[in-house]
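*Asks:* One structure is given below, represented as structure tokens, and several questions about it will come after.
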Amino acid sequence: MTATAGPHILVYPFPTSGHIIPLLDLTQRLLSRGLTVTILVTPNNRPLLDPLLSTYPESCLRTLVLPAQGSPLNPPRDRLFTLMYGLRELHYPALLDWFKTHPSPPVAILSDFFLGWTHQLASEVGVPRVVFSPSGALALSVAFSLWVDLPKNDEPENDNFKVSFTKIPNCPVYPWFQVSHVYRMYEQGHPNWEFYRSCLLADKASWGVVFNSFTELERVYLDHLKKDMGHNRVWAVGPVLPAFDDMASRGGSSSVPTHEVLTWLESRPENSVLYVCFGSRQVLTSKQMDALADALEKTRVNFVWCVRQSSKGHVAGDEGVLPEGFEDRVAGKGYIIKGWAPQVAILRHKTVGAFLTHCGWNSVLEGISAGVVMLTWPQSADQFTNANILVKELKVGIRVGEGTQIILESTELAHLLNESVDGTLPERMKAEELSGAASNAVSDGGSSDKDLDEFIKSIRELKSSKF
Ligand SMILES: O=c1ccn([C@@H]2O[C@H](COP(=O)(O)OP(=O)(O)O[C@H]3O[C@H](CO)[C@@H](O)[C@H](O)[C@H]3O)[C@@H](O)[C@H]2O)c(=O)[nH]1
């Protein structure tokens, strides 16, 4: 906590877990380095600010609570647009007014990449907009390339049609089914998609971008983005993991008492437990669920499985449920969490050695920081890109599935689960090395520590220069 009030910025997270969690973690770092922050949240997310509000006085941290639109009843394909557009409609006029009447308005806006429209708002109020990317630099490079170049699938019936990104380092190539589902649905001229595209293009045109990533992890892609965006205001400041000792309420209340799962882990040998979780939203299909449950029954590895229950509006149709009697059959070797797991606390426990993940970028960074072997089963969005980084570039990942396209037979999957906690795996050594690199990056003088200093210096300079 700092006594002097530093330059004031507006922090605006996108209101879903995978986006708001890392930006709140980053906000803690900005506050601890002396910035004054107003953080904009919708009423349902207001409780997530409690740990910050109980640590920092009102002179440093203020909240701006603006309404969320009602629950979208739209088909799943339109849900993201509805949320993005709804926020723009509700918040743009309110923010304009807030800026114009504020006695000492923010000198910059730091907002999530799904809030590209804040670039225009920032221009209107005469301050720079900085993008916060909760995804990695390769993922954002791919997104920019898609929405600028608009590559087509020349064989619409072929889900394996290859799309090449020749301008990006290492020239990634993805089969069509691994390209972002939002892009695959793109309809030129349709207002929803053109709005989405305009937001992405506004991200690219923004004054700067802050990544929850670190240089040693994504150097070539960070350098590429500097060239692509035409300036060097690209800062990699991650992993922005919690500074608070108690991480139980991070992102929401845990569905089990954290001490209970930690006690369960405590009695296991070091690096012997597998943690399974597919992020904050992903619900498995019945085929995926059955194969995984069957493999977990067959494996000899102890595991913690965070099972995402479907909530209204998440997936239409095919939703997997735990097989009848599963919990009894795995009693003793499996700990099941139905709902929200204290993920970072679990991953950091010394007895956890492997992580079966959907490869959401936060999970990737949390797994890397914890030094666990990553079993990759990407489902959508940037997750295929992230899985490729883990497996091909960093060599800490082992592929165990690809969306609904590659679902291994349960005996084969169980075999990979058994191997994942083998102490002699080359991936384990790499995982330990990478965990050290992540920790060095955020330590005093590390690459992320320096980038955060540079970012804050740039914000401080704004105070004295008219944007
Ligand atoms: O039971 C749970 C489930 C999740 N988490 C946390 O929630 C976050 C989940 O983020 P992530 O792993 O990135 O997954 P998603 O929630 O699926 O994130 C979305 O946002 C990410 C950042 O842009 C993208 O990389 C993903 O593809 C996209 O699905 C992480 O911090 C987890 O620790 C918990 O604490 N407990």
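Read the figures in this text as sums done on the coordinates, not as results from a lab. Small disclaimer: the values here were computed from a predicted structure and weren't measured. Glycine also receives a Cβ, built like all others from the backbone with ideal geometry; neighbour counts cover every protein chain displayed.
*Asks:* How high is the FRET efficiency between residue 148 and residue 82 when r is their beta carbon distance and R₀ equals 22 Å, given to the nearest 0.05?
*Replies:* 0.35
*Asks:* Using the alpha-carbon atoms, what tilt in degrees (0 to 90, nearest 10) does helix 191-205 show relative to the longest principal axis of the chain?
*Replies:* Approximately 70 degrees, to the nearest ten.
*Asks:* Express in nm, to one decimal, how much length is gained between residue 412 and residue 216 on full extension, taking 0.36 nm for each residue of separation and deducting their alpha carbon distance.
*Replies:* Stretched fully, the residue 412-residue 216 segment lengthens by 67.2 nm.
*Asks:* Taking K and R as +1 and D and E as -1, what net charge do the other residues with C-beta under 13 Å from the C-beta of residue 426 add up to?
*Replies:* Summing Lys and Arg as +1 and Asp and Glu as -1 gives -2.
*Asks:* Relative to the present Cα-Cα distance, how much length would full extension add between residue 262 and residue 300 at 0.36 nm per residue of separation?
*Replies:* 11.7 nm
*Asks:* Note the angle between two axes, namely the Cα long axis of helix 286-298 and the longest principal axis of the Cα atoms of the chain, as a number of degrees from 0 to 90, rounded to the nearest 10.
*Replies:* 50 degrees
*Asks:* For the range 318-456, compute the orientation-averaged projected area of the C-alpha convex hull (one quarter of its surface), in nm².
*Replies:* 10.6 nm²
*Asks:* Also, I was wondering about something else. Magnitude of the Cβ-charge dipole of the chain, K/R +1 and D/E -1, about the Cα centre, nearest 20 debye?
*Replies:* Computed about the Cα centre, the dipole is about 1040 debye.
*Asks:* So which lysines pass the test for residue 167, namely a Cα distance under 18 Å, with those fewer than 8 places away in the same chain ruled out?
*Replies:* Once the sequence-local lysines are set aside, what remains near residue 167 is 152, 204, 226, 227.
*Asks:* Sort 156-164, 266-274, 134-142, 111-119 for me by packing, meaning the mean count of neighbouring Cβ atoms within 10 Å per residue, highest on top.
*Replies:* 134-142, 111-119, 266-274, 156-164
*Asks:* Run the numbers for residue 429 and residue 380: contour at 0.36 nm per residue of separation, minus the present Cα-Cα distance, in nm.
*Replies:* That works out to 14.8 nm of additional length.
*Asks:* Moving on. Let me make sure I get this right: for the chain, a, b and c are the square roots of the gyration tensor eigenvalues over alpha carbons, sorted descending. Under 1.5 in a/c it's rounded, otherwise prolate if a/b > b/c, else oblate. Which is it?
*Replies:* Prolate is the answer for the chain, as a/c is 1.5 or above and a/b outweighs b/c.
*Asks:* In addition: Taking only Cα atoms, what is the 0 to 90° angle, nearest 10, from helix 410-420's long axis to the longest principal axis of the chain?
*Replies:* Helix 410-420 sits roughly 70 degrees off the main axis of the chain.
*Asks:* Right, something else. Considering the alpha-carbon set of the range 226-382 alone, what are its Rg and its Dmax in angstrom?
*Replies:* For the range 226-382, the Cα radius of gyration and maximum Cα-Cα distance read 16.8, 58 Å.
*Asks:* Of all DSSP beta bridges located in the chain, what percent are antiparallel, nearest 5?
*Replies:* Around 10 percent of the beta bridges assigned by DSSP in the chain are antiparallel ones.
*Asks:* Let me ask something additional. Explain nothing, just compute: Karplus ³J(HN,Hα) = 6.51 cos²θ - 1.76 cosθ + 1.60, θ = phi - 60°, for every residue of the range 321-336 in order, whole Hz, x for Gly and Pro.
*Replies:* Residue by residue, the range 321-336 yields 10, 4, x, 3, x, 4, 4, 5, 5, 9, 3, x, 9, x, 10, 9 Hz.
*Asks:* So, counting K/R as plus one and D/E as minus one, what does the shell of residues with Cβ under 15 Å around residue 148 add up to?
*Replies:* +1
*Asks:* In the chain, what cysteines have no partner Cβ closer than 4.7 Å?
*Replies:* 60, 171, 199, 359
*Asks:* Using the basic label-point model (7 angstrom from Cα toward the beta carbon), what is the residue 453 to residue 167 distance in nanometres?
*Replies:* If labels sit at residue 453 and residue 167, their model points lie 3.4 nm apart.
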